[in-house]
């Protein structure tokens, strides 16, 4: 099976070499868990290896995103023209004059992503974020319309990473798991789910932890690992 490397030290080993090519993967977590950084890092490192990627931002501006990722040591120029940024947030601002009208944001998203697929032929796509899309699109039937959108993304023939917000961790017998499930009912449609949480470390510290909730076509661990960023992402076992 062809797989897409995450370039996260330790994670690809858990995934038997990486994410199965063509998968639709959710990256879920509460604010501050580096979801955006992780998704961008995956595309950035694959671009360096020659795999074209498209990062679609519905919230953060292109300049803000690139300033953040450059501060992590991931400058766009290192991707050697194999990584493109689609700033839907900027397009929204340009069309602000239509704010009192019903604007087909999903159609706009499809138009640009499909157009770029024809001219740029990217193999990896990241969408940031599902929550922002649901907000600006004003879905009437979230489950049905998100299902249709996921099927449309599958039709692009690329590996897709979608960022989604999860409830803040409120603790469940010390595990840090949410007491209530996430509101994304479409999780069952995804081929894979990475969940990132913030867990208490000592009396005052907090660490990020990641686990692979599911990944179709892969035999993987389901336990949490510490997620670290030190000149690149890596995971390590949680020491007890």
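Taking each pair of distinct Cα atoms in segment 1-133 once, what is the resulting Kirkwood hydrodynamic radius in Å? This gives a value of 15.8 Å.
Relative to the longest principal axis of the Cα atoms of the chain, the long axis of helix 105-120 makes an angle of roughly 90 degrees. Each of 152, 105 has some number of other Cβ atoms within 10 Å of its Cβ, and from fewest to most they run 152, 105. Using a simple spin-label model with pseudo-atoms 7 Å out from Cα toward Cβ, residue 189 and residue 216 lie 1.2 nm apart. Considering only beta bridges that DSSP places wholly inside the chain, some 40 percent are antiparallel. For the chain, the longest principal axis of the Cα atoms and the long axis of helix 35-48 meet at an angle of about 80 degrees.
Compared with the direct C-alpha span, the chain from residue 204 to residue 118 gains 25.9 nm at full extension, assuming 0.36 nm per residue.
The convex hull defined by the C-alpha atoms of the chain has an orientation-averaged projected area of 13.7 nm².
The long axis of helix 62-71 is offset from the longest Cα principal axis of the chain by roughly 30 degrees.
Gain on full extension, evaluated as 0.36 nm per residue between residue 152 and residue 63 minus their Cα-Cα distance, stands at 29.2 nm. The simple Förster model, with R0 at 22 Å and r as the Cβ-Cβ distance, assigns residue 231 and residue 80 a FRET efficiency of 0.70.
No value in this document is a laboratory result; all are computed from the given coordinates. Just so you know, these numbers come straight off a predicted model, no measurement behind them. Because the Cβ atoms are built from the backbone with ideal geometry, glycine has one as well, and the counts that use them run over all protein chains shown.
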